[in-house]
1. Specify which of the listed residues (Arg18, Arg3) is open to solvent by 80 Å² or more (accessible area, probe 1.4 Å), at pLDDT 95 or above and closer than 21 Å to Ile70 by Cα.
2. Look through region 63-118, keep the residues that are surrounded by fewer than 17 Cβ atoms within 10 Å (Cβ to Cβ), closer than 18 Å to Glu157 by Cβ and of a type in the set (Lys, Arg), and return whichever of them is farthest from the chain's Cα centre (by Cα).
3. If you check every pair at least six apart or on different chains, which have Cβ atoms under 8 Å apart with a residue in region 33-56 that is closer than 18 Å to Lys178 by Cα first and a residue that is among the basic types (Lys, Arg) second?
4. Suppose the filter is assigned to a helix (DSSP H, G or I), of a type in the set (Val, Ile, Thr) and out of contact with any Pro (no Cβ under 9 Å at 6 or more places or on another chain); does Ile84 pass it?
5. I'm trying to understand the selection: among the residues of region 26-47, which are surrounded by fewer than 16 Cβ atoms within 10 Å (Cβ to Cβ), outside any loop (DSSP other than H, G, I, E, B) and not hydrophobic (A, V, I, L, M, F, W, C)?
6. Being crowded, with 18+ Cβ neighbours inside 10 Å, of a type in the set (S, T, N, Q) and in a helix (DSSP H, G or I) is the requirement here; does Asn54 meet it?
7. Considering only region 161-180, how many residues are within 16 Å of His60 (Cβ to Cβ), more than 13 Å from the chain's Cα centre (by Cα) and either open to solvent by less than 30 Å² (accessible area, probe 1.4 Å) or among the β-branched types (Val, Ile, Thr) (or both)?
8. Filter region 6-15 down to the residues that are more than 17 Å from the chain's Cα centre (by Cα) and surrounded by 16 or more Cβ atoms within 10 Å (Cβ to Cβ) and list them by number.
Amino acid sequence: MLRKAPYYHLYIDLMDTREALTEFEILFDAKELQTQLVYFINAHCFNVSLKNKNYLKALHQAHFVFNDGIGIKIGARFAGIDLIENMNGTDLIPKIIHLACEKSKSIFLLGAKEGIAIKAADNLRKRYPGINIVGTSSGFFSDSSAVVEEINKSGAELLIVGMGVPRQELWLADHQSKLETVKIAVAGGAILDFLSETVKRAPLWMQKAGIEWLYRFYQEPRRLFERYFIGNLKFLFAIFKYKKKN
């Protein structure tokens, strides 16, 4: 059962991993169903949604929007929302893939730099013997129609997309109606980098402490400085401003 809660100008789904996987199982079992979109929002995504109207529209179009990270948790406290669990994609997406494997659903990996999706597929095959990965593609392409055709021909029922915010959400929103066999499409950011082990995750204690972002910054300081430091200040200012108005 979906439990959407208003989160400032957005909506997020209030559930834990167990409940989410139950919902995904129902979607996988549905005989006739339009592709359902699954997105995650963190503080950076929130900031993007304030400026990009098409991205905001895509978020409203999604079947699921899950909370990701300490910033969204802080914002939830100010909004009077009790989040059940940190539903970040890096943890949840492998569980969705595992569920798809258990139910013999076919999977397509789309995104990241050339060769990354292939490495991710190889690692998943080692982790889940019998997994049915029917296609991979880089996230750098000029012909979306060709990519959609490749996905459709593969018969994929689960599509994992890792092309960064907001490109991945906008692409899925634009092509949702053209995906013929995909039942669930998940926008996962850097998920293929993690699955391919091109980028390492933070130690478990940092994940549990909610400071995994600090480890990511350590890995890519130049690229992530503005997002994590300036961006987080912008996020806090935005929610304070919203609360003052309301």
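1. Of the residues listed, the single one that is open to solvent by 80 Å² or more (accessible area, probe 1.4 Å), at pLDDT 95 or above and closer than 21 Å to Ile70 by Cα is Arg18.
2. Taking the candidates together, the pick is Lys103.
3. Between residues of region 33-56 that are closer than 18 Å to Lys178 by Cα and residues that are among the basic types (Lys, Arg), the close pairs are Leu33/Lys183; Thr35/Lys183; Gln36/Lys183.
4. So Ile84 does not fit the description; no.
5. Asp29
6. Here the answer is no, as Asn54 does not meet what is asked.
7. Total meeting the criteria: 2.
8. Tyr7, Tyr8
The values are calculated or read from the model by the stated rules, or taken from the named source; none is laboratory data. Everything quoted here is computed from the prediction, not taken from an experiment. Glycine also receives a Cβ, built like all others from the backbone with ideal geometry; neighbour counts cover every protein chain displayed. These area figures cover heavy atoms from the full protein model, side chains too; ligands, DNA and RNA do not enter into them. Shrake-Rupley method; radii C 1.70, N 1.55, O 1.52, S 1.80 Å.
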